């Protein structure tokens with residue numbers, strides 16, 4: 001049995017090693033007279049740390065099992081969507097969390113909400129909106145939501161590019177990559193994570209783990225750390241770990257790699273010509289490194305890989321790319337989230353219903369921003385009813401989502 005004072009050190013050490021929220025958030029230990037009595041980490045030992053981590057993992061599994069067995073299929077499917085507050089309320093550029101949002105969440109208790117520039121006017125408004133949103137989830141007994149934004153730094157900065165926030169932009173990742181110093185990427189992660197957490201976010205659509213292998217690529221361009229796959233891998237992992245230590249969940253994107261493309265998946269189908277072996281030699285290196293460093297969320301892009309799959313099906317809907325390659329060959333066990341499903345590569349070729357069923361059968365856990373959320377949600381329910389999708393398959397995704405949530409919110 002671990003003594004009380006040992007357990008405190010164990011828990012503290014585990015947080016340091018696994019990227020929990022920073023220790024300055026755990027106030028009050030000095031007043032309890034615990035800090036002065038703490039033994040050293042060496043005195044506690046690696047065995048005690050592993051003992052705690054194992055016990056915590058078992059407790060999370062118990063909580064996940066309890067949730068899955070006590071909630072409806074409709075609630076489970078809702079966990080598999082991340083949408084804008086606009087989609088819940090039915091208005092553009094929602095900037096408040098009011099009764100309309102509360103009523104929408106009661107009907108559709110989605111697993112996450114994502115916010116863009118039109119939703120974020122200034123610090124006071126944004127903090128109030130996010131805090132009220134969290135409160136609505138709590139009052140209705142819904143699992144806390146992922147609250148996300150798209151804050152990469154540089155050109156993709158919904159907050160730092162708004163002067164009302166008074167936050168300095170960390171700059172493009174190309175500039176960070178040129179330093180060749182992963183510590184610079186770590187500083188980016190710490191900065192992003194710190195101000196996002198302060199506003200109320202707990203998830204960020206960053207880092208960009210794409211290797212810029214095509215100099216004509218303007219869509220990724222300066223958003224990438226560079227053209228050296230090993231360097232991109234080191235940078236992306238350093239940024240992610242630092243952000244996670246702040247209490248914000250990073251998302252590696254865009255598997256299997258958007259750096260070799262020329263076109264824009266916002267407009268339509270975009271393909272790359274690499275074989276799978278060629279991807280493993282370059283584009284997949286950052287994602288493999290992310291997995292080796294316990295990546296919790298990976299975004300799959302809408303890139304088609306015809307030399308691998310034999311067709312133009314986007315990777316975000318490809319069972320081979322997600323289930324066989326990312327999970328099977330690369331050993332990834334975390335959450336798979338799609339790129340936004342309102343982008344042209346999807347919306348111009350698939351209905352929201354068709355897309356949703358294809359995505360789930362491909363192995364996706366969270367569907368991001370479908371054109372018609374209600375249609376997509378209902379399509380999955382209908383597919384389970386008809387046997388096209390098994391409820392066991394739904395439970396697999398919900399289990400992955402809840403594991404991450406319980407770790408994030410503990």
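Quick note: the coordinates plus some simple rules give every number you see, no bench work behind them. Since the model is a prediction, treat every value here as computed from it, not as a measurement. When we count neighbours, we look across all protein chains shown, and the Cβ atoms used for this are built from the backbone with ideal geometry, even at glycine.
Listed values, structure above:
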| quantity | calculated |
| --- | --- |
| The stretch 188-288, relative contact order [Cα under 8 Å, separation at least 6], % | 37 percent |
| Sorted by Cβ density within 10 Å, fewest first, the residues 347, 163 | 163, 347 |
| Approximate spin-label separation residue 329-residue 388, in nm, with each point projected 7 Å along Cα-to-Cβ | 2.8 nm |
| Mean Cβ count within 10 Å, highest first, over the residues of peptides 209-216, 108-115, 274-281 | 108-115, 209-216, 274-281 |
| Relative contact order (percent, whole number), the chain, Cα cutoff 8 Å, 6+ residue spacing | 14 percent |
| Projected-area average for the stretch 317-410 over all orientations - Cα convex hull basis, square nanometres | 6.3 nm² |
| Most mobile listed residue (367, 142, 291) in the chain, GNM with C-alpha springs under 10 Å | 142 |
| Modelled FRET efficiency - R0 30 Å, residue 179 with residue 218, Cβ distances, 0.05 increments | 0.85 |
| Value of D in µm² per second that Stokes-Einstein yields for the chain, Kirkwood Rh from Cα pairs, at 20 °C (1.002 mPa s) | 98 µm²/s |
| Full-extension gain in nm, residue 280 to residue 103, via 0.36 nm per residue minus C-alpha separation | 59.1 nm |
| Beta bridges per DSSP with both ends in the chain, % antiparallel, nearest 5 | 10 percent |
| Linear extension gain, residue 122 paired with residue 51, 0.36 nm per residue minus alpha-carbon span | 21.1 nm |
| Percent antiparallel among DSSP beta bridges (both partners in the stretch 84-226, rounded to 5) | 25 percent |
| Where Rh is the Kirkwood radius over Cα pairs, Rg/Rh for the stretch 75-195 | 1.04 |
| Net length gained if the chain between residue 198 and residue 135 were fully extended (0.36 nm per residue, minus Cα distance) | 21.0 nm |
| Candidates 152, 128, 99, ranked by Gaussian network fluctuation over the chain, Cα under 10 Å, top entry | 99 |
| Highest-MSF residue in the chain out of 351, 304, 186 [GNM, Cα springs under 10 Å] | 351 |
